[in-house]
Amino acid sequence: MCGIMGYIGDREASRILVDGLRRLEYRGYDSAGVATLVNGHIEVRRTVGKLDNLEKLLATSPLDGTIGIGHTRWATHGPPSEQNAHPHRAGQVVVIHNGIIENYLELKEALVAKGRTFHSETDTEVISQLIDEHMSQGLDFLAAARAAVKQLEGSFAIVVFCDGDKSRLLTAKTATPIVIGLGEGENFVASDIPAILDHTRQVLFLEDGEMAEVTRQGVNVSTFDGEPVEREPRRITWDPITAQKGGFKHFLLKEIHEQPQALIDTMLGRIRQEEGDVWLPELDQLGTEWSNIRRIYLTACGTAWHACLVGKFILEEMARIPVDVDYASELRYRKPIFGPDTMLVAVSQSGETADTLAAVEEAAAAGSKVLSICNVLDASIPRRSRAVLYTHAGPEISVASTKAFTTQLTALYLLSLHVGRQLGRLDEARGRALVHDLVNIPSLIQETLTRGKQLEKIAKKYGHASDFLYLGRGINYPIALEGALKLKEISYIHAEGYPAGEMKHGPIALIDEELPVVVLLPRDPMYAKTLSNLKEVEARGGRIIAITDAPTPDLEEIAWEVVTIPRANHMLAPILLSIPLQMLAYYVACYRGTDVDQPRNLAKSVTVE
Ligand code: F6R
């Protein structure tokens, strides 16, 4: 949810911290702060709002020091305010934190009873208070931090340092991520890889229940109980430029345009064109034959849930295994029939979504096999899964998901093909045709991207509307939902997605001359039926915006706008149809002047329930 950055070395810490936070700003952005150790005393600067505000404050009130921590916050306890912004100090101890301390009220009461005074409404402050309390009882900094983290319940990733100790940062984590970047005579701590890529590619990931002592010379990892842990560093191959905006006005637009490459990267090394098959050796980790699997549960949240809805169509068609799709936030509280003959496939860009993680844990505990589809290396969800199929979308910075979504669809297509071939439900010839179609998709996306100018015009023409309706059928109905979600998220216009055939059961009452109705109309067996649904829209004056690969005269006659896209096989059409909807949402948001990359009230990764 929030961004964490820590530095220890011989360079000016505040600059490095702010730059790192800038790369993480997408994770949370209602307030920000940094703290550095200056002449043996920690000084803190915090502001409400964006990092620009913090930078302005640092310009008038600079911070020296070569050791420090920085944070961008998205409020969970207490409103956004300077007082609630991190870092939080208690006595000599200063802390930053991601996650939620579930027992903080209990801990706070006990600390208040000992005479401690709290200065914020946050759960985080109990951490610095606890450590400082233990130090006042005679423990050294490391022992005090260890004692404190053992008392915390909930999810946390923390970085902490202390007035009297110039030599180290301490970091600890349970459910939310911490990555340590290894430099020469300097080291870094962050909540996500992009923050440190400018400085190093050698990283260590902390596991749950571990803490690390980070000095200029090195890193000591241990469990909360003090058992030493040996951990090999890993090398990250992301280019720092990919984490920046390139020539685009917004990350969102850049990420929309990165989709051809993102899909190629997701297929890379996995396609066996000759055999009409795909190669997914990572699935061997599942330790089962697909013939033992009777039912697949697909689960996710938000956009990733829309990918699951499409995935059901593809998996059932190619693999002929029954598939259930659930919101992770619902799945975790119902009583699904999990067992050794079920497979849970959890789809998550960040790999940190709390509800999806909980669903994974439920399924694993009930004996189901768990496979995750994820974009972030070694995130919590992949780590809890038996096998992981990584999408290779690269860092997705804009809060609204685009390239992660279409790479999720790609991964689900690869998975379905794999299972279909393994079970003999797709023969070699059919497999070859399906692989061939997939391999062509990146260039069809590239062609679809050239419709940008037309969509920009449409956005200007209809962008004043207060509501939009999105219609699709069959496998493209989830894309109508996704189109509506994208518009809502970034332009703040109310939008609903519906299966076109459902319209006459209620939503038709909404249609009037003000309502833009975006309809997805690929040439498939549903084409004629959807067209007849559209005639009902036209009869009531609705403004039809059609996205189609079949601009027939009948359609041209009733639609106000027709956006023509290339033809793809029906199981890949959802990928292509998503592209104009992403661009429409983008240009409407630009027309309305919203904060495209960081829409209000949203955060990139939702690590709380
Ligand atoms: C919408 C969006 C969200 C996420 C959802 C799940 O554009 O990005 O709806 O899809 O919060 O996030 P992940 O995929 O990280 O689990």
Quiz item: By accessible area of protein heavy atoms, probe 1.4 Å, what ranking do 284, 437 get, highest first?
Solution: 284, 437
Self-check item: Spread of Cα-to-Cα distances over 10 Å intervals beginning at zero, given as percent, for the chain
Solution: 3, 17, 25, 24, 17, 10, 4, 0, 0
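Relative contact order (percent) for the stretch 255-445, with alpha-carbon contacts under 8 angstrom and 6 or more residues of separation?
32
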Quiz item: Rounded, prolate or oblate: which one fits the stretch 450-592, using the alpha carbon gyration tensor with axes a ≥ b ≥ c (rounded when a/c is under 1.5, else prolate when a/b beats b/c, else oblate)?
Solution: rounded
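Based on the Cβ-Cβ distance from residue 220 to residue 102, what FRET efficiency comes out when R0 is 35 Å, to the nearest 0.05?
0.80
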Quiz item: the stretch 91-142 to the stretch 579-609: how many Å between their Cα centroids?
Solution: 36
Quiz item: Counting pairs of alpha carbon atoms under 8 Å apart in space and at least six apart in sequence, what relative contact order in percent does the chain give?
Solution: 12
Quiz item: With each label point set 7 Å from Cα along the Cα-Cβ vector, what nm distance links residue 502 and residue 557?
Solution: 3.0
Quiz item: For the charge dipole of the stretch 450-592, defined by +1 on Lys and Arg C-beta atoms and -1 on Asp and Glu C-beta atoms about the Cα centroid, which residue among 522, 572, 493 has the Cα displaced farthest towards the positive pole?
Solution: 572
Self-check item: Dipole of the stretch 318-379 [Lys/Arg +1, Asp/Glu -1 at C-beta], most positive-end residue of 360, 344, 376
Solution: 344
Exercise. Quick one: go through the stretch 381-402 and flag any residue whose amide nitrogen is under 13 Å from the point 7 Å out along the Cα-to-Cβ line of residue 422.
Key: 386-389
Self-check item: Beta bridges by DSSP in the chain, antiparallel share as percent, to the nearest 5
Solution: 60
Quiz prompt | Exposure of residue 16 as accessible area (Å², to 10), given a probe of 1.4 Å and all protein chains | solution = 10
Self-check item: Magnitude of the charge dipole, the stretch 159-231, Cβ model with Lys/Arg +1 and Asp/Glu -1, debye to 20
Solution: 200
Practice problem: Would you calculate the separation in nanometres between label points at residue 39 and residue 523, each defined as 7 Å from the Cα along the Cα-to-beta-carbon direction? | Solution: 7.8
Practice problem: Taking all protein chains together and a probe of 1.4 Å, list 327, 462 from the most accessible to the least accessible. | Solution: 327, 462
Quiz item: In percent, how large is the relative contact order of the stretch 450-592, given Cα pairs closer than 8 Å and 6 or more residues apart?
Solution: 31
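If the only charges are +1 at each Lys and Arg Cβ and -1 at each Asp and Glu Cβ, what is the size of the charge dipole of the stretch 3-241 around the Cα centre, to the nearest 20 debye?
With only Lys, Arg, Asp and Glu charged at Cβ, the dipole is about 400 debye.
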Quiz item: Zone of residue 436 (label point 7 Å along Cα→Cβ, backbone N under 18 Å): which residues in the stretch 259-303?
Solution: 271-278
Quiz item: Can you list the residues, at least 5 places off or on another chain, whose amide H is less than 5 Å from the amide H of residue 370, using H built in the peptide plane?
Solution: 344, 386, 387
Quiz item: How large is the accessible surface per residue of the chain, computed with a 1.4 Å probe and reported in Å² as a whole number?
Solution: 37
Exercise. Treat every Asp and Glu Cβ in the chain as -1 and every Lys and Arg Cβ as +1, leave all other atoms uncharged, and give the resulting dipole magnitude about the Cα centre to the nearest 20 debye.
Key: 820
Exercise. Using the 2.2 N^0.38 Å rule of thumb for compact globular proteins, work out how the stretch 3-241 stacks up: its C-alpha Rg over that value, please.
Key: 0.92
Quiz item: Dividing the alpha-carbon Rg of the stretch 288-331 by 2.2 N^0.38 Å yields what?
Solution: 1.16
Practice problem: For the chain, give the percent of accessible area contributed by carbon and sulfur heavy atoms, probe 1.4 Å, rounded to a whole number. | Solution: 49
Quiz item: the stretch 456-505 to the stretch 268-321: how many Å between their Cα centroids?
Solution: 28
Exercise. Just subtract the alpha-carbon distance of residue 327 and residue 447 from 0.36 nm times their residue separation and send over the number in nm, one decimal.
Key: 39.9 nm
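Using the structure shown, select from 453/486; 249/461; 50/150; 453/529 the pairs with a Cα to Cα distance greater than 27 angstrom.
Beyond 27 Å: 50/150; 453/529.
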Quiz prompt | Förster-model FRET efficiency, 41 Å R0, residue 60 and residue 464, C-beta, rounded to 0.05 | solution = 0.50
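Using 0.36 nm per residue, how much length does the chain from residue 457 to residue 538 gain when fully extended, once their Cα-Cα distance is taken away? Provide the component values of the computation, followed by the final result.
Values: separation 81, 0.36 × 81 = 29.16 nm, distance 2.12 nm.
Result: 27.0 nm gained on full extension.
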Quiz prompt | Rough spin-label spacing in nm, given labels placed 7 Å along Cα→Cβ, for residue 366 and residue 10 | solution = 5.8
Quiz item: Gap in Å between the Cα centre of the stretch 400-418 and the Cα centre of the stretch 326-343?
Solution: 21
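The values are calculated or read from the model by the stated rules, or taken from the named source; none is laboratory data. This structure is a prediction, so every number in the text was calculated from the model and none was measured. When we count neighbours, we look across all protein chains shown, and the Cβ atoms used for this are built from the backbone with ideal geometry, even at glycine. Accessible surface areas use protein heavy atoms only, side chains included; no ligands, DNA or RNA. Shrake-Rupley method; radii C 1.70, N 1.55, O 1.52, S 1.80 Å.
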